[in-house]
1. Kindly indicate the residue of the stretch 839-895 that is assigned to a loop (DSSP other than H, G, I, E, B) and within 19 Å of V821 (Cβ to Cβ) and also farthest from the chain's Cα centre (by Cα) among those meeting that condition.
2. Given the options A530, A526, A519, A472, name the one that is under 20 Å from the mean Cα position of the chain (by Cα), of a type in the set (A, V, I, L, M) and part of a loop (DSSP other than H, G, I, E, B).
3. Testing R836 on (1) in a loop (DSSP other than H, G, I, E, B); (2) surrounded by 13 or more Cβ atoms within 10 Å (Cβ to Cβ); (3) not acidic (D, E), one condition comes back false. Which one is that?
4. Looking at V172, is it assigned to a loop (DSSP other than H, G, I, E, B) and modelled with pLDDT of 85 or more?
5. Would you tally the residues in the stretch 127-157 being at pLDDT below 90, crowded, with 23+ Cβ neighbours inside 10 Å and of a type in the set (S, T, N, Q)?
6. Looking for something buried (at least 21 other Cβ atoms within 10 Å of the Cβ), part of a loop (DSSP other than H, G, I, E, B) and at positive phi - is there at least one such residue anywhere in the stretch 734-745?
7. Answer yes or no as to whether E246 is surrounded by fewer than 24 Cβ atoms within 10 Å (Cβ to Cβ), modelled with pLDDT of 90 or more and not in a helix (DSSP H, G or I).
8. I'd like the residue in the stretch 799-813 that is part of a helix (DSSP H, G or I) and among the small types (G, A, S) and, out of all such residues, is farthest from L730 (Cα to Cα).
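The values are calculated or read from the model by the stated rules, or taken from the named source; none is laboratory data. A quick note: this is a predicted structure, and the numbers were derived from the prediction, not measured. With ideal geometry, Cβ positions are generated from the backbone for all residues, glycine too; neighbour counts draw on all protein chains shown.
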Amino acid sequence: MSVEQPVGWGSLLLESSRTVVQPSHWWPSIRHPIEALRRAVGDGPLMALVVLFGLNAVDELDRTGFGILIPNIRDDLGLSNAGILSLVAISLLIAFLLQLPIAVAADRYPRVPIAIAGAIAWGVFSLFTGLANGALMLVIARSGAGIGRAVVDPTHNSLLADYYAVDRRSSVYSIHRGANVLGQFAGPLLAGGLAAATGSWRTPFFVFVIPTVVFAALALRLREPVRGGQERKAAGGDEAMIALAEPQASFEEAFRLCNEIPSLRRLWYSVPFLSVSLIGFVSLAGILYEQTYNLDELQRGYLAAAVEPFQFVGLAVGAAMGTKLFMRDPSLVFKFLRVVAIVSGVFALAFALAPTVWLTVVANIALTSCLAIILPGLLASLSVAIPARARAVGFAIASYWAIPGLLVLPLIGWLTDRYSARVGMLVMVPVLVVGGLIVSTAASTIQGDIADVWTGSLARAEDARERAEGRAKLLVVRDLHVSYDNLRVLTGLSMEVGEGEVVALLGTNGAGKSTLLGAIAGTVHAGRGAVIFDGRDITHAPPQAIAHLGLGEMPGGKGTFPSLTVAENLRTAGWMLRSDPHNLKRRIEEVCAPFPVLADRMAEPAANLSGGQQQQLALAMALLARPRLLMIDELSLGLAPVVVEDLVSLVRQVAASGTTVIVVEQSVNVALTLADRALFMEKGKLRFTGPTAELLERPDLLRSVFLGEGPTHSTGDRPSSAPMPDSPVLQASNLVCAFGGVRAVDGVSLEVRPREIVGLIGPNGAGKTTVLDAISGFVPTQSGTIGLGNVELTNLSVARRAKAGLGRSFQDARLFPGLTVTEALALAHERWVEVRSTADAVLRTPPLVLSEWKVRRDTDELIERFGLGDYRDKFVGELSTGSRRIVDLAAVVAQRPSVVMLDEPSSGIAQRETEALGPLLLRLRDELECAMVIVEHDMGLLSSVADRLVALETGRVITSGPPDEVLSHPEVVASYLGGSPEVVARSGRRVADIEPEGAS
């Protein structure tokens, strides 16, 4: 037996990256620009940076050139100001909308061809801009030109991350961003100069095509980099690991990947604030210069051109600072950003309030430089925090968040028109600061995000190496974290499952077993970590994509659609075979063969099936697709021993055919009999793993660690009851219940005396739950009478039966999921609330306060009695199946009924809790002085508490009497118990007293 410990991959990778290269002055110097560029790229391709820089610059030339020539274009085409500005808005909107589809393509296909195609596209549309002879053609031309920015931002950023080492990215992104500054500086000068020299605004757009074609031709020489290779290289991976190709991600998977990155989400939240402020400052700068200082267009153009080069200073500082801080600790980049945001706010305030033109220009320069500082480190950090196969989408989604910010710009314009440009700028100062501060909060999350990405990348690479060496694992889970809001369920769990294994996943209630299966299947979002299935990273893949890979899950207790018929449920489960109806029909016949009851009830709604029969249907649905990995949550949930015995045999056959099986099972006896290896979970972590044979030979270790030290169940453990009065407290006579012509209960009579515990047993579909439903009023009866003491219940409502003293629990713990445990138990005391007046509630009268105090006191006692202290403030919907069952039982006790009817109280409860449930039920019987009717399939538990058993089959009573007599009855053995002692005695050790005759 070994102990699994999660490896701190993130810290290991970050530490290795910090020691690669120390930052130096990488921004190109005036004297030795080529040498400086070579130092900036390290061992990365210099040509790639030059080409991407050039493509970015020529796109910026086209856009800024169009901006400076807007008055000429407007007049030549006879447009109004509103018309030309609407055209600009449309082109910007289209550019934003195109980014995400292009980014999805960039994550799925080679990016170099996409970059080349984008350059050719915007070159063609730039040419069309020069040829436009009307508004419609101009709209088409400028909308097409928006492809440039839609390609550059996500595709270039993704390429740069994979071309260059982690420690070089701040400088590389800074240089690449310098192309925007160059275009913004040269674009207006070239466009204005060419237009003035030739007398036509069209000339610049013909000229701009030339450098676009040149750089697009140079881009043909670029090679596609390996996605994520730089991260694996920094982590110390070998050549094979570095060269490993990343799997293609669908948009849904890419979005799920990015949405699980807290740092990226914080960036998205800041984008509306930053977009409205940055675009607003640029737009209002010209208005401020015009309104306040009466500068004409030529003077404003010179000022704009003079300010832009100072962005180079900011980018150079950002490259040096970003690299230095990133290599020390990525969180320092965002802490530095917090300072920059505040300083930028000060400069923006000075920009708005400066009393002279020269102070305004200085403030403008300072603000422009300061904002440029933050970009290199920010882009470098995010490039490492976003998984390689979703980088383009991660960068692109932010553009959609800019749209709400753009919608605010008209409001800023209205303030400027009504008051002045200074007022508009003053309004944007806090908006800018708030946006920067929101981004800076990523300081608390960025290191974990980077570690998570590298954990997944390295885990997949290691799995690939193991496969190459012949040691393949079908499933690999590394450092998995899952939370529900603030409730942490899985905390760094790691495990492996080999091809063809049958693995039992065990643990106490709330350990995270079902959550782990959901995270593997994709139905539960994993916060951090990696899940590798058959060499494919499926951590954030959508469930339908995971199912196509060959992974099937049978959810515990909720694997069917109640309103659909059995046939419709099966056809729904065969959705992957919908294009082959003949094969689907054959598969349905195959999976129903072991479950004859399903074939007999194909036309009935699944809700009409018993709990056990629904469990059989859920397993049949899971087997329909013939999964390579079958995950079963609670195999024996609600099933009769003979059915469980058949299912154990069926699962063994499925495993023998090559299917790998992971089974979550609360009965240790059943699980260890079925599985080759057992994994034990506790508080969201994997604590122990080992072969079942070894564990079965060490019952002392198994019990001391997982099952507690309490006694096991046996009939001899049950204390004898005091003599019972002859008059029954509950009497049901000749009950008949039918569903669609099928008699679920056919003439059942039942008497229960005070303080007596009666157990109802029988195969699935025998009518046990229907008898309880009929007595408690949840289903109508065709005939028969029901009495509770001296009260006739037959025609009373459910509520009035409860008030008369009838308590009932359900198989699925019907509690309000939106209430906390404390609130649910307080609500269960409703029968005993003494003050119900609205006036008392409004005035908070002393009787009301006293009544509420009594409810709180009784609720606290219940929480302590049932060991629910750790869950008192958690929502019922957040609890595991077993924990909800315990709360359900506590709620029944809160009602203080004279007769308690429990429907499978041990269903979903871990074996440790099941072993404590027997003594608890006896204690509750004595304290409440109540009688009990219990439907239960765990014969070890039931025989230890029941005074009498009543066996049902096909809606009729076949025998009743003391537990020993009923459990040895031939019909009960044949139709219900079967021949497996481990299955019959699900909790505790095997009990000889209840072994069926002839069992070995």
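1. Taking the stretch 839-895 and keeping what is assigned to a loop (DSSP other than H, G, I, E, B), we get 844-845, 866-868, 872-874, 879-880.
Next, from what is left, pick out any that are within 19 Å of V821 (Cβ to Cβ): 866-868, 872-874, 879-880.
Working: F866: 31, G867: 30, L868: 27, R872: 25, D873: 23, K874: 20, L879: 17, S880: 17 Å.
My answer is F866.
2. On the way: A530 fails: part of a loop (DSSP other than H, G, I, E, B); A519 fails: part of a loop (DSSP other than H, G, I, E, B); A472 fails: under 20 Å from the mean Cα position of the chain (by Cα).
Testing whether each residue is under 20 Å from the mean Cα position of the chain (by Cα), of a type in the set (A, V, I, L, M) and part of a loop (DSSP other than H, G, I, E, B) leaves just A526.
3. So the condition that R836 fails would be (2).
4. On the way: assigned to a loop (DSSP other than H, G, I, E, B): no; modelled with pLDDT of 85 or more: yes.
No.
5. So the count comes out to 2.
6. First, pick out the residues of the stretch 734-745 that are buried (at least 21 other Cβ atoms within 10 Å of the Cβ): 735, 737, 744-745.
Subset that is part of a loop (DSSP other than H, G, I, E, B): none.
Checked against the condition, which is being buried (at least 21 other Cβ atoms within 10 Å of the Cβ), part of a loop (DSSP other than H, G, I, E, B) and at positive phi, the stretch 734-745 yields no hits at all.
7. Values: surrounded by fewer than 24 Cβ atoms within 10 Å (Cβ to Cβ): yes; modelled with pLDDT of 90 or more: no; not in a helix (DSSP H, G or I): yes.
No: the conditions fail for E246.
8. Of the stretch 799-813, the ones part of a helix (DSSP H, G or I) are 799-803.
In the following step, the residues that additionally are among the small types (G, A, S) were identified as 799, 802.
Values: A799: 17, A802: 13 Å.
Going through the qualifying residues, I end up with A799.
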